[in-house]
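What follows is one structure encoded as structure tokens, with my remarks underneath.
The values are calculated or read from the model by the stated rules, or taken from the named source; none is laboratory data. This is a predicted model, so every value here is computed, not measured. As a convention, Cβ positions derive from the backbone with ideal geometry for all residues, glycine included, and neighbour counts pool all protein chains shown. Accessible surface areas use protein heavy atoms only, side chains included; no ligands, DNA or RNA. Shrake-Rupley method; radii C 1.70, N 1.55, O 1.52, S 1.80 Å.
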Amino acid sequence: MNIKLGIIGFGGMGKWHEKNATRVDGIEIKAICDSDPTKIIDIEGKNYEIYESVDDMLAKADINTVLLTLPNHLHKEMTIKAANAGLHIIDEKPASLNVKEFDEMMEAVKKNEVFFTVHQNRRWDRDYQIVKKLVNEKELGDVYTIESNLHTANGRIHEWHLYKKYGGGMMYDWGVHLIDQAMQMMQGAKLLTVFADIKSIINDEVDDYFNITLKFDNGITYHIELGTYFLKYQPRWLAAGNRGTVYINSFACDGGIARTSELLNKLPAQIAETVAGPTRQFAPQPAGVLYDDPLPEVETEWTDFYKNVLAAINGKEEPLIKISEVREVLSIMEAAFESSETNQSVNMEKTSAPLLT
């Protein structure tokens with residue numbers, strides 16, 4: 001069957017989905033709902049059914065699937081309403097504010113036998129896919145550390161994301177993406193501990209900075225840092241193994257793979273004089289020893305998310321965004337909040353509840 005889609009919430013992401021979902025054959029937008037009619041703009045000539053009431057849309061619209069692009073605190077309520085109406089559900093991230101809410105949502109989904117997924121679109125980001133390829137294909141050798149940094153100087157958070165009661169803050173906005181990327185890249189490894197520092201730097205009510213350290217049983221320590229008020233940015237990615245170091249400076253994928261033509265078995269006998277004083281360990285490398293290889297090409301397309309949703313609803317493919325993965329990311333976010341409050345690492349082997357399938 002084709003997806004006949006109703007979009008609930010027509011802010012920034014609602015408009016983005018309206019422009020991109022229909023790039024996939026078999027997906028048709030039939031209705032749009034927003035409690036603020038002034039937001040329903042730039043749709044002239046598209047013949048959508050327009051609603052201000054969610055209940056009216058669920059009862060009357062010619063749809064079989066809803067896309068929830070609402071403030072985060074409404075995801076649980078609207079998912080349960082849509083499931084009880086017998087509609088399939090595409091939920092914007094985060095799926096919910098915590099694991100308890102998510103489990104209640106999944107009870108309604110399973111009871112009504114409807115399809116549910118979450119728009120974790122950052123799995124298809126080109127910069128992420130490049131690093132994932134290099135790590136998983138051992139192009140860097142045995143990787144021991146990965147840094148995923150997201151910095152901006154824009155400072156203030158926008159619109160409802162400024163308010164705690166709506167589920168605002170950067171952990172719920174981008175943290176859910178960055179943690180999801182980490183868990184996808186580390187598939188097959190067990191997460192051992194989570195340590196986090198979460199702060200409000202210039203936004204009074206919600207977090208605008210976090211630093212999360214994830215330790216895995218494969219020996220990799222995965223660092224995630226986000227801040228809305230960095231006036232000088234660190235590379236978007238830095239991952240080091242015993243055969244190379246990849247660096248990617250930005251979403252534009254400007255970077256390379258740093259390698260060495262020779263590995264010193266012992267340090268030189270002579271101490272080098274540097275601007276920092278005498279040293280052997282951190283003396284400059286001889287000219288020509290270090291060089292860069294280009295980043296690999298990867299094929300990735302955000303519309304693959306929609307293609308998979310269409311195929312999964314029709315029983316032709318397994319969902320790429322699995323319920324168990326969504327729940328695991330929410331549990332890691334909860335652990336990060338707990339760690340920041342207690343200034344202690346959280347042992348995930350002891351605290352993680354069994355994952356839903």
Checklist entry - How many residues does the range 161-198 contain that are touching an Asp or Glu at 6+ places or on another chain (Cβ under 7 Å), open to solvent by 10 Å² or more (accessible area, probe 1.4 Å), assigned to a helix (DSSP H, G or I) and over 16 Å from Trp124 (Cβ atoms)? => result 4
Next on the checklist: Can you go through Val206, Val194 and tell me which one is hydrophobic (A, V, I, L, M, F, W, C) and under 18 Å from the mean Cα position of the chain (by Cα)?
Outcome noted: Val194
Next on the checklist: I need a count of the residues in the range 18-58 that are closer than 21 Å to Val309 by Cα, touching a residue at least 12 places away in the same chain (Cβ under 8 Å) and open to solvent by 70 Å² or more (accessible area, probe 1.4 Å).
Outcome noted: 2
Next on the checklist: I'd like to check something: does the range 114-137 contain any residue that is over 16 Å from Arg236 (Cβ atoms), in a strand (DSSP E or B) and over 13 Å from the mean Cα position of the chain (by Cα)?
Outcome noted: yes
Checklist entry - Within the set of pairs 6+ apart or on separate chains, which have a first residue in the range 203-231 that is closer than 21 Å to Val135 by Cβ and part of a loop (DSSP other than H, G, I, E, B), a second that is open to solvent by 30 Å² or more (accessible area, probe 1.4 Å) and among the small types (Gly, Ala, Ser), and C-beta atoms under 8 Å apart? => result Asn218/Gly188
Checklist outcome for this item: Filtering the range 145-160 for residues that are open to solvent by 20 Å² or more (accessible area, probe 1.4 Å) and within 23 Å of Ile220 (Cα to Cα) leaves a count of 4
Item to check | Residue ID - nearest to Asp304 (Cα to Cα), chosen from residues in the range 7-16 that are in contact (Cβ under 8 Å) with a residue 60 or more places away in the chain and open to solvent by less than 10 Å² (accessible area, probe 1.4 Å) | outcome: Ile7
Next on the checklist: Please go through (1) surrounded by fewer than 18 Cβ atoms within 10 Å (Cβ to Cβ); (2) within 25 Å of Ile198 (Cβ to Cβ) for Gly219 and return the number of the only condition it doesn't satisfy.
Outcome noted: (2)
Checklist entry - Counting residues that are modelled with pLDDT of 95 or more, which helices (runs of 4 or more DSSP H) fully inside the range 265-357 reach at least 2? => result 304-313, 323-342
Item to check | Residues (surrounded by 15 or more Cβ atoms within 10 Å (Cβ to Cβ) and either over 14 Å from Gly168 (Cα atoms) or in contact with a Leu (Cβ under 6 Å, 6 or more places away or on another chain) (or both)) located in the range 199-216 | outcome: Phe210, Asn211, Ile212, Thr213, Leu214, Lys215, Phe216
